[in-house]
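Below: one structure, written as structure tokens.
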Amino acid sequence: MAPIKECSTIAEKSHGETDDVTTSGIGYSNLTLQPEDSIFRLFGEFMADSSPDAINLSIGAYRGNDGKPWVLPVVKKAKEILLRDPQANHEYLPLEGLTSFNEAAAKLILGENSPAILEKRYAAVQTVSGTGANRIAAEFFAKFRPSATVYITNPTWGNHKKIFMAAGLPIIEYEYWNPKTRSINHAQVLATLKTALPGSIFLLHACAHNPTGLDPTHRQWQEIADIMESRNLNPFFDCAYQGFASGDLDTDAWAVRYFVVRGFNVICAQSFSKNFGLYAERTGCLVGIFGDEEVARMAKSQFAYLLRCSISHAPGFGANIVDIVFKNEALVREWKENLKEMSTRISQMREKVVQLLVELKTPGDWSHITSQIGMFSYTGLTMPQVAAIKMKFHVYMTDEGRASMAGLNEKNVENFAKAVDWVVRNA
Ligand SMILES: Cc1ncc(COP(=O)(O)O)c(C=O)c1O
């Protein structure tokens, strides 16, 4: 009985609760049911929908023109190489992950000849995909910039707020999407920067902003950087779509490289989910660029420590696949072709949707669908329209009208356009 008494004492001391103690120890009377993640809930609803016409535009994962997940041909080849490698084993990796993968990932985002690479002013560690990179960055900020506020675009990827809140950082959201013009509210972005709390961190989407698909132009990035520089604000880039957005790796890395060249300390989360189709393998990298090699070395040791506290190190399989591709010029060429194929198919679907809506004389201007890039389109459909399109046409998109364009193909795009046309007129 002594241990139970001991537990009871602990419960009283730490929580002032005595009624939660049972004969089997301290209970969990404060538990509540966590609401389901909205994207995964929607995916579950789609899976349970038996209609042959059901269209899933909720989840951000690429589909081929046959509507099925696409294993990149280059990934298939890399897997075969790994399988045949007599040296391959299942040993622990270093805490920082696979060193050659980290170096290649840093070169991918910064460019081979970036001064930051040549001067070894960067720290790169392997993470559990982009989500894990965001989380380690959030913990890094919480530890070394504990009084900093994190500014996040509204809307943004559904996980950003949760991750930064979980790390205990204060968050401010600011309007990024102008619903009237269906474009970036750039004036609001600049106004937010001008009045931001000193020392704040700005979470910026490197390319293919999720969910709007709208990125600042080069000129607009320059204006953003000017204010951030003059006010000592810190950029944190989330890069989940390099190469997948425009089909060109360098084009999609422009903003990050620009901030590095301007001399900012940049922290960047990289995901290889979309551009390698390695969704389940959780392959990512956190790269920090600093003023000198010594600061970078210290930052890397801190990243590694934060990894050790949570996951020890990131998983090896996906990083090995990416590493095999990075080390082989022919495979890199093939990867770039695979990237082009994915981004081109998505652009074609965007054009097809607009063309069909114009043919149907659907009320409104739909040109924003082709001016947006990447996986998602922020369609501008209202919540009642999103509800109606699901009920009547079995089309699944998120409440705020975000559609994953990869879910469209030659077979279902016409039905989708007709469904949009109907809800715009009737819902
Ligand atoms: C903006 C953004 N960041 C990060 C991620 C993280 O993805 P993952 O953890 O699969 O790499 C996503 C995925 O949709 C995203 O859109």
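The values are calculated or read from the model by the stated rules, or taken from the named source; none is laboratory data. The structure presented is a predicted model; accordingly, all values stated were derived computationally and were not measured. We place every Cβ from the backbone using ideal geometry, glycine too, and count neighbours over all the protein chains shown.
For this structure, a couple of remarks:
- Here Leu381 fulfils each of the conditions (1) out of contact with any helix residue (DSSP H, G or I) (no Cβ under 9 Å at 6 or more places or on another chain); (2) part of a loop (DSSP other than H, G, I, E, B); (3) among the hydrophobic types (A, V, I, L, M, F, W, C) apart from (1).
- Gly380 being at positive phi and out of contact with any Phe, Trp or Tyr (no Cβ under 6 Å at 6 or more places or on another chain): yes
- Within the range 43-60, residues that are assigned by TED's automatic domain parsing to the domain that holds Lys390 and modelled with pLDDT of 95 or more have Cβ atoms under 8 Å from residues that are within 16 Å of the ligand (Cβ to nearest atom) and aliphatic (A, V, I, L, M) in these pairs: Leu57/Met397; Leu57/Ala403; Leu57/Met405, counting only partners at least 6 apart in sequence or on another chain.
- Any hit, the range 132-141, residues being aromatic (Phe, Trp, Tyr) and within 15 Å of the ligand (Cβ to nearest atom): no
Yes/no per residue for (1) free of Cβ contacts under 8 Å to residues at least 60 places away in the same chain; (2) surrounded by 23 or more Cβ atoms within 10 Å (Cβ to Cβ); (3) more than 13 Å from the ligand (Cβ to nearest atom):
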position: His209; (1), (2), (3): no, yes, no
position: Trp221; (1), (2), (3): yes, no, yes
position: Asn234; (1), (2), (3): no, no, yes
position: Thr251; (1), (2), (3): yes, no, yes
position: Arg257; (1), (2), (3): no, no, yes
position: Val260; (1), (2), (3): no, yes, yes
position: Ile267; (1), (2), (3): no, yes, yes
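- Residues (among the hydrophobic types (A, V, I, L, M, F, W, C) and either within 8 Å of the ligand (Cβ to nearest atom) or crowded, with 24+ Cβ neighbours inside 10 Å (or both)) located in the range 277-293: Cys285, Leu286, Val287, Ile289
- Restricting attention to the range 42-59, the residues that are loosely packed, with under 15 Cβ neighbours inside 10 Å and hydroxyl-bearing (Ser, Thr, Tyr) add up to 2.
- Filter result (touching a helix residue (DSSP H, G or I) at 6+ places or on another chain (Cβ under 7 Å) and either within 16 Å of the ligand (Cβ to nearest atom) or outside any loop (DSSP other than H, G, I, E, B) (or both)) within the range 144-159: Val150, Tyr151, Ile152, Gly158, Asn159
- From the list Arg121, Arg182, the lone residue that is touching a strand residue (DSSP E or B) at 6+ places or on another chain (Cβ under 9 Å), touching a residue at least 40 places away in the same chain (Cβ under 8 Å), more than 15 Å from the ligand (Cβ to nearest atom) and within 30 Å of Gly380 (Cα to Cα) is Arg182.
- Sole residue being assigned to a loop (DSSP other than H, G, I, E, B) and farther than 14 Å from Ser58 by Cβ, chosen from Ile373, Ile369: Ile373
- Among the candidates Lys390, Lys361, the residue that is basic (Lys, Arg), more than 24 Å from His205 (Cα to Cα) and crowded, with 19+ Cβ neighbours inside 10 Å is uniquely Lys390.
- Index of the failed condition, Ala191 passing every other in (1) assigned to a strand (DSSP E or B); (2) surrounded by fewer than 19 Cβ atoms within 10 Å (Cβ to Cβ); (3) of a type in the set (A, V, I, L, M, F, W, C): (1)
- Enumeration of residues in the range 372-418 that are of a type outside the set (D, E, K, R) and without any contact (Cβ under 8 Å) to a residue 60 or more places away in the chain: Thr379, Leu381, Thr382, Met383, Pro384, Gln385, Val386, Ala387, Ala388, Ile389, Met391, Gly401
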